[in-house]
Each structure stands twice: as structure tokens, then as C-alpha cells.
Amino acid sequence: MSRLGSSTTAEQPENEGATLTARGIARRERLLDAARDVFLEQGYAGASVNEVVARAGGSLATLYKQFGNKEGLFTAAMERHIGAAWAVLEEGRRDRQAPEQVLYELGRRMLMLIFNPSVIRLVRGLAFEAERSPELGELFLTRGPDQTRQALANYLSDQVASGRLDIEDPREAAGIFMGMLIGEWHIDALLGRDLQLDEAQCNARAKRCLTIFLAGVAASSN
């Protein structure tokens with residue numbers, strides 16, 4: 001079983017700017033799909049790169065060439081999994097959607113993602129692993145929550161520049177919005193409460209948080 005730091009002899013991952021063939025792209029997507037499933041099912045510590053390859057097909061050599069090691073694979077799979085939520089920010093810019101529409105959609109997507117029971121189990125396991133391997137906790141925070149907040153902060157900055165929102169510190173505001181979304185639900189879920197959240201509850205929560213947030217940051221019409 002591969003563990004953090006155990007793949008020091010693995011090849012460095014391919015340059016992300018390198019051109020992949022259609023076959024190479026398909027192989028990478030299969031590995032990421034399998035990695036997502038294995039990490040969510042088994043947690044970081046229990047996940048094995050051998051299991052990922054067994055599900056996706058191919059070889060360990062290909063996995064190491066693409067992602068470097070287990071940490072690299074985990075990071076790529078996590079970012080891809082979260083990407084469906086981040087995408088709404090770019091879609092909002094591209095389609096010139098109102099901030100309330102974009103933030104509502106981001107909120108509901110994030111709630112559905114964060115409170116997926118498999119994700120809760122993964123985060124719970126990472127918190128335990130971080131006691132022994134702080135670098136693993138830092139990896140998750142940097143490439144997960146931190147990156148999500150920064151993406152939102154960048155979006156909020158754009159809205160301030162366009163006169164739609166009035167925010168002094170977009171980075172702090174992003175943290176406030178995300179914190180309000182997950183609120184007490186997150187600690188309850190992490191400590192084992194069975195919240196049994198459904199899509200309707202997540203949608204309602206996102207709407208309530210959005211209303212409160214916009215009341216504090218909406219640009220004055222005066």
C-alpha cells in the first residue's frame with residue numbers, strides 16, 4: 001500500500017502543458033475516475049494505487065508518469081471532483097449571470113459535495129492522518145478549501161470592480177460565505193451525526209445563506 005512520502009523513487013509527473021493524445025487523455029480520465037472512487041470508498045490511508053490501476057486498467061508506470069505518486073494522484077482527483085462546483089464561477093462570468101444566481105448555484109453544489117457521506121468519511125480520515133503527517137493535511141487544505149475560497153474571492157473581486165457588490169475584503173467575504181454554508185452541519189457530520197441531508201435541504205440552506213450574505217455586501221443603489 002502506498003503511503004505519503006513512500007513514492008520518492010517514482011517518476012515526476014508529466015508537465016501539465018505537455019500535449020496528450022486522445023488515447024492519453026482517455027487513460028488519464030479513467031485513472032482519475034478510479035482514483036476518486038477508491039479515495040472516497042477507502043479513505044486516503046486505505047487507498048492503494050494498485051487498486052486504482054486495477055480498476056482503471058493500464059500500469060503503475062503510467063500512473064506514476066502522469067501523477068508522480070499517491071499524493072499527486074489524490075490532488076488531481078480531488079481538484080477534478082471539486083471542479084464541478086468551481087465551474088459555476090467561470091460560467092457566471094462567461095454568461096454574465098447575476099451574482100445571486102452564481103452564488104446560489106455555487107452554494108448548493110458545494111453543500112451537495114461536502115456532505116456526501118463518502119466525502120465526510122474521507123475528511124474525517126484525513127484529519128486523523130494529519131496528526132502523523134501534517135504535510136498531508138496541508139496538501140488537502142491548500143488544494144481543496146483554500147483554493148475554493150480563493151476562486152470565490154476572485155469572483156467577488158470581479159463583482160466589486162463591476163459595481164455589483166460592495167466588499168472591503170473579498171478573501172474574508174469568501175470565507176464567511178463558505179463558513180455560513182457548512183455551519184454547524186459540518187462538525188455534526190464529522191463527529192458522526194447522521195444528518196440525512198437531501199438536495200432540497202441543501203438548496204434551501206444555500207438560499208438562506210445567500211439572502212443573509214447579500215444583505216451585507218450588495219452595492220448601494222444611491
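The values are calculated or read from the model by the stated rules, or taken from the named source; none is laboratory data. Since the model is a prediction, treat every value here as computed from it, not as a measurement. As a convention, Cβ positions derive from the backbone with ideal geometry for all residues, glycine included, and neighbour counts pool all protein chains shown. Just so you know, the surface numbers come from the protein's heavy atoms only, side chains and all, with ligands and any DNA or RNA stripped out. Shrake-Rupley method; radii C 1.70, N 1.55, O 1.52, S 1.80 Å.
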Output the 0 to 90 degree angle, nearest 10, between the alpha-carbon long axis of helix 199-217 and the longest principal axis computed from the alpha carbons of the chain. 50
What order do you get for 193-205, 91-103 when each peptide is scored by the mean count of other beta carbon atoms within 10 Å, highest first? 91-103, 193-205
Report the local net charge at D37: Lys and Arg +1, Asp and Glu -1, summed over other residues whose C-beta lies under 10 Å from its C-beta. -1
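What number do you get for region 48-95 when its Cα radius of gyration is normalised by 2.2 N^0.38 Å, N = residues?
Numbers: Rg = 14.4 Å, N = 48, 2.2 N^0.38 = 9.6 Å.
Dividing the Cα radius of gyration by 2.2 N^0.38 Å gives 1.50.
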Stretchable slack from I187 to L214, in nm (0.36 nm times residue separation minus alpha-carbon distance): 7.2 nm
For A218, distant residues with modelled amide H under 5 Å away: D166
How big is the Kirkwood radius of region 64-217, worked out from every pair of different alpha carbons and given in Å to one decimal? 16.5
Please give the charge dipole size of region 39-146, origin at the Cα centre, charges +1 on K and R Cβ atoms and -1 on D and E Cβ atoms. Round to the nearest 20 debye. 240
Note, region 51-66: 3J(HN,Hα) by Karplus (6.51, -1.76, 1.60, θ = phi - 60°), whole Hz, Gly/Pro = x, goes 5, 4, 5, 4, 7, 8, x, x, 9, 4, 4, 5, 4, 5, 5, 7
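Strictly greater than 22 Å: what percent of every Cα pair in region 44-149 meets that?
Numbers: 2357 of 5565 pairs.
For region 44-149, the share of Cα pairs beyond 22 Å comes to 42 percent.
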Under a Cβ-only charge scheme (Lys and Arg +1, Asp and Glu -1), can you give me the dipole magnitude of the chain about the Cα centre, in debye to the nearest 20? 480
Order S133, S157, most accessible first, counting only protein heavy atoms with a 1.4 angstrom probe. S157, S133
Could you tell me the extents of region 138-177's C-alpha atoms along the three principal axes, largest first, rounded to whole Å? 35, 14, 11
